[in-house]
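Worksheet: one structure, shown below.
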Amino acid sequence: MTLTQMFGFGPDGWGSALLLGALLTVVLTIAAFFTGAVFGGLVAAAKLSKYRALRIAGDIYTIVFRGVPELLVIYLFYFGGSNFVSSIARLFGSDGFVSVPPFMIGAVGMISGSYQAEVYRAVVLAVARGELEAVRTIGMSTTMMTRRVLIPQVFRYALPGLGNVWQMSLKNSALISVTGLAELMCTNQVAAGSTHQYFSFFITGGLLYLVMTSISGRIFGHAEASVARSFRRSFVRS
């Protein structure tokens with residue numbers, strides 16, 4: 001079989017499967033990133049809280065999920081979670097093994113959230129204290145100050161850090177192949193094992209990851225430039 005046939009879109013080609021795997025990788029990364037944004041925002045708020053218990057809980061979260069290897073977390077949630085669900089199912093009369101859906105475990109937002117939390121926390125601490133005190137002086141409520149002053153600045157300054165977290169999540173999505181979810185890495189492994197063309201498929205997989213990370217980098221770069229221009233225009237008008 002020639003390379004054209006092997007990577008083609010015909011009945012014997014793997015082109016369609018690789019593109020579908022790449023698409024699933026992007027969807028998986030989006031799910032992990034936005035789930036992580038929720039967790040990250042909550043953890044950052046906890047770590048900035050005036051309550052010591054919340055600060056300790058936030059610290060424990062980031063220490064655990066940034067300190068434990070991502071693959072171990074996936075094993076724990078997928079296989080450990082499946083055992084837990086199976087145990088619950090047996091209480092209701094089920095005798096079989098109940099597997100947790102791989103995509104639910106694939107959306108490893110809790111890992112992404114541990115890194116996003118530190119990004120948000122650092123950005124909030126970087127916002128000028130004087131500016132926040134000024135808006136409080138004019139009588140702006142905490143909710144309005146958060147919506148009109150804090151969140152726009154957090155979004156502006158967090159973009160570079162969030163771009164790095166996105167790229168990390170995109171690459172770490174390859175670890176989900178251990179659950180059997182047919183994302184790009186798993187599809188490459190199956191294709192390479194079926195054809196014994198390991199070098200060709202793994203090089204192709206690496207190139208597809210490079211394409212996705214390059215496009216992502218450009219998107220975040222354009223977003224950073226656009227936000228910076230909007231802030232400059234606001235500064236000039238003021």
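The values are calculated or read from the model by the stated rules, or taken from the named source; none is laboratory data. On a predicted model such as this, the values are computed, not experimentally measured, just so you know. Neighbour counts are summed over all protein chains in view; Cβ atoms, including those assigned to glycine, are modelled from backbone coordinates with ideal geometry.
Values computed for the structure shown
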| item | result |
| --- | --- |
| Residue under evaluation residue 199, criteria (1) touching a residue at least 12 places away in the same chain (Cβ under 8 Å); (2) in a helix (DSSP H, G or I), criterion not met | (1) |
| Unique match (being buried (at least 16 other Cβ atoms within 10 Å of the Cβ) and of a type in the set (S, T, N, Q)) among 216, 194 | 216 |
| Criterion (closer than 20 Å to residue 27 by Cβ, crowded, with 17+ Cβ neighbours inside 10 Å and of a type in the set (A, V, I, L, M)) met by exactly one of 184, 210, 159 | 184 |
| Count - residues of the range 42-93 that are touching a residue at least 60 places away in the same chain (Cβ under 8 Å) and either within 18 Å of residue 168 (Cα to Cα) or hydroxyl-bearing (Ser, Thr, Tyr) (or both) | 5 |
| Of all residues in the range 78-129 being under 20 Å from residue 180 (Cα atoms) and not in a helix (DSSP H, G or I), the one that is modelled with the highest pLDDT | 108 |
| Candidates 194, 214, filtered to the one that is assigned to a helix (DSSP H, G or I), out of contact with any Asp or Glu (no Cβ under 9 Å at 6 or more places or on another chain), under 22 Å from residue 158 (Cβ atoms) and without any contact (Cβ under 8 Å) to a residue 24 or more places away in the chain | 214 |
| Pairs, first free of Cβ contacts under 8 Å to residues at least 60 places away in the same chain and closer than 16 Å to residue 44 by Cβ in the range 136-158, second surrounded by fewer than 16 Cβ atoms within 10 Å (Cβ to Cβ) and of a type in the set (Gly, Ala, Ser), C-beta under 8 Å, six or more apart | 157/126 |
